[in-house]
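Trainee: One structure follows; several queries about it will come next.
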Amino acid sequence: MIAASAALAALAVLLAWPVPILLGNSRWTRRAPAVALALWQSIALAGGLSMIGALLTFGLAPFGHDLVSAAIGFVRLDGAAEPWHVLALCAALLLTVHLLFNLVATLVRSERQRRRHAQLVTLLSSPLESGARLIDSPTPVAYCLPGPFSSVMVYSAGLVELLSPDELTAVIEHERAHVQQRHDVVLIAFRAWYASLPWFPIAYRAQREVGLLIEMLADDRARRSVDTATLARAIAAVATSAAGESASPAELSDRIRRLQRTPLSLAQESLVIGAAAALLGVPTVLLFAPALLGALA
């Protein structure tokens with residue numbers, strides 16, 4: 001148990017700092033945003049599991065040789081814990097509650113903001129045949145308001161006037177991808193991670209990187225309907241004309257430049273997916289493998 005706790009703690013440190021930094025600085029992620037996003041999600045889940053698991057296994061160490069028997073021994077009080085073991089168990093409980101609370105709070109806050117925004121859009125816009133809403137504003141704007149049961153896409157009159165029909169199709173397909181692929185769920189998860197661990201600089205970096213990868217995923221969906229040059233022009237036109245553009249110039253440049261890059265091969269993507277699965281498997285094995293081996297022996 002102590003060895004498993006030390007291994008989990010080491011993994012938690014790696015996934016909290018050097019691994020996300022290396023991934024954030026990697027350029028290959030722009031060539032395969034889908035698998036890169038899967039890897040980011042694996043890092044976040046494995047990191048949280050490792051942090052909680054390290055504290056839990058250390059705290060339960062006096063009660064058994066594996067997590068299952070130790071948990072049973074703890075309930076039966078078959079052992080004596082030192083103060084630092086009790087402290088570790090309390091920390092594991094507090095961390096778990098803290099992460100879950102911030103996830104729920106982020107969900108509630110996001111849904112409240114979405115409903116308020118949707119009400120304003122309904123008042124200030126007119127419906128389109130596609131089910132979208134058109135805002136009578138000269139500023140070129142396009143975004144989606146995803147909801148748990150229904151979503152709405154919003155466009156401005158300025159956007160329609162600015163873009164050619166093909167460029168407008170690119171923007172519409174981009175926003176449709178956000179709705180259909182439920183990118184809002186992924187963003188909420190990483191916002192909750194940042195809200196839970198704001199003192200980790202990497203938490204903000206992960207949130208920003210995931211947001212950019214999601215935009216690239218939506219760009220890839222748009223490329224199924226229009227050519228790359230048209231999509232690049234649409235991105236540049238909206239970015240340079242829209243007031244209050246949230247993306248930085250570097251991120252917009254990244255989105256446009258990566259359209260010319262060759263995607264990763266199937267073998268390379270499979271390797272990344274394998275790495276993501278392995279990251280989730282390591283803490284799971286460290287936590288439960290001793291109990292399974294003991295049951296089979």
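Trainee: Taking the stretch 255-282 as the region of interest, how many residues are outside any helix (DSSP H, G or I) and hydrophobic (A, V, I, L, M, F, W, C)? Can you show your working first?
Mentor: If we filter the stretch 255-282 for residues that are outside any helix (DSSP H, G or I), which is where we start, we get 261-265.
Add one more test, that the residue is hydrophobic (A, V, I, L, M, F, W, C), and what stays is 264.
Of the residues in that region, 1 qualify.
Trainee: I've got another one for you. In the set Ile235, Ile214, which member is within 20 Å of Ala34 (Cα to Cα), touching a His at 6+ places or on another chain (Cβ under 6 Å) and assigned to a helix (DSSP H, G or I)? If you could, list the steps in order and put the result at the bottom.
Mentor: On the way: Ile235 fails: touching a His at 6+ places or on another chain (Cβ under 6 Å).
One residue alone meets the criteria, Ile214.
Trainee: Would you confirm whether any residue within the stretch 51-66 is loosely packed, with under 15 Cβ neighbours inside 10 Å and over 29 Å from the mean Cα position of the chain (by Cα)? Quick ask: steps written out before the conclusion?
Mentor: Of all residues in the stretch 51-66, those loosely packed, with under 15 Cβ neighbours inside 10 Å come to 65.
Next, from what is left, pick out any that are over 29 Å from the mean Cα position of the chain (by Cα): 65.
Yes, that holds for at least one residue.
Trainee: Regarding the stretch 142-154, can at least one residue be identified that is over 30 Å from Leu45 (Cα atoms), of a type in the set (Phe, Trp, Tyr) and under 27 Å from the mean Cα position of the chain (by Cα)?
Mentor: The answer is no, given that none of the residues of the stretch 142-154 is over 30 Å from Leu45 (Cα atoms), of a type in the set (Phe, Trp, Tyr) and under 27 Å from the mean Cα position of the chain (by Cα).
A quick yes/no check of all residues on (1) without any contact (Cβ under 8 Å) to a residue 40 or more places away in the chain; (2) farther than 13 Å from Ala142 by Cα; (3) in the same structural domain as Pro18 (by TED's automatic domain parsing); (4) of a type in the set (S, T, N, Q):
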position	(1), (2), (3), (4)
Val171	no, no, no, no
Ala192	no, yes, no, no
Gln207	yes, yes, no, yes
Ser253	yes, yes, no, yes
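Trainee: Here's a follow-up. Which of the following residues is in a helix (DSSP H, G or I), in the same structural domain as Ala222 (by TED's automatic domain parsing) and either surrounded by 12 or more Cβ atoms within 10 Å (Cβ to Cβ) or touching a Gly at 6+ places or on another chain (Cβ under 9 Å) (or both): Leu107, Leu159? Step through it out loud before you land on a result.
Mentor: On the way: Leu107 fails: in the same structural domain as Ala222 (by TED's automatic domain parsing).
Exactly one of Leu107, Leu159 is in a helix (DSSP H, G or I), in the same structural domain as Ala222 (by TED's automatic domain parsing) and either surrounded by 12 or more Cβ atoms within 10 Å (Cβ to Cβ) or touching a Gly at 6+ places or on another chain (Cβ under 9 Å) (or both), namely Leu159.
Trainee: Would you please name the residue that is modelled with the lowest pLDDT, looking only at residues in the stretch 129-138 that are touching a helix residue (DSSP H, G or I) at 6+ places or on another chain (Cβ under 7 Å) and surrounded by 15 or more Cβ atoms within 10 Å (Cβ to Cβ)?
Mentor: Initial filter on the stretch 129-138 (touching a helix residue (DSSP H, G or I) at 6+ places or on another chain (Cβ under 7 Å)): 133-138.
Going one step further and asking which of them are surrounded by 15 or more Cβ atoms within 10 Å (Cβ to Cβ), we end up with 133-135, 137.
On the way: Arg133: 94, Leu134: 95, Ile135: 95, Ser137: 91.
Across the stretch 129-138, the extreme among qualifying residues is Ser137.
Trainee: Sticking with this one: Sort out which residues of the stretch 7-25 are touching a helix residue (DSSP H, G or I) at 6+ places or on another chain (Cβ under 8 Å) and not β-branched (Val, Ile, Thr), and write them in order of number. Don't jump to the end; show me each part of the working.
Mentor: Quick first cut of the stretch 7-25, residues touching a helix residue (DSSP H, G or I) at 6+ places or on another chain (Cβ under 8 Å) only: 7-9, 11-12, 15-17, 19-21, 23-24.
Residues satisfying the conditions are Ala7, Leu8, Ala9, Leu11, Ala12, Leu15, Ala16, Trp17, Pro20, Leu23, Gly24.
Trainee: I've got another one for you. For Glu175, indicate whether it is over 25 Å from the mean Cα position of the chain (by Cα) and among the acidic types (Asp, Glu).
Mentor: Details: over 25 Å from the mean Cα position of the chain (by Cα): no; among the acidic types (Asp, Glu): yes.
In short, no.
The values are calculated or read from the model by the stated rules, or taken from the named source; none is laboratory data. In this text, all values refer to a predicted model and were calculated from it rather than measured experimentally. Glycine gets a Cβ as well: all are built from the backbone with ideal geometry, and neighbour counts include every protein chain shown.
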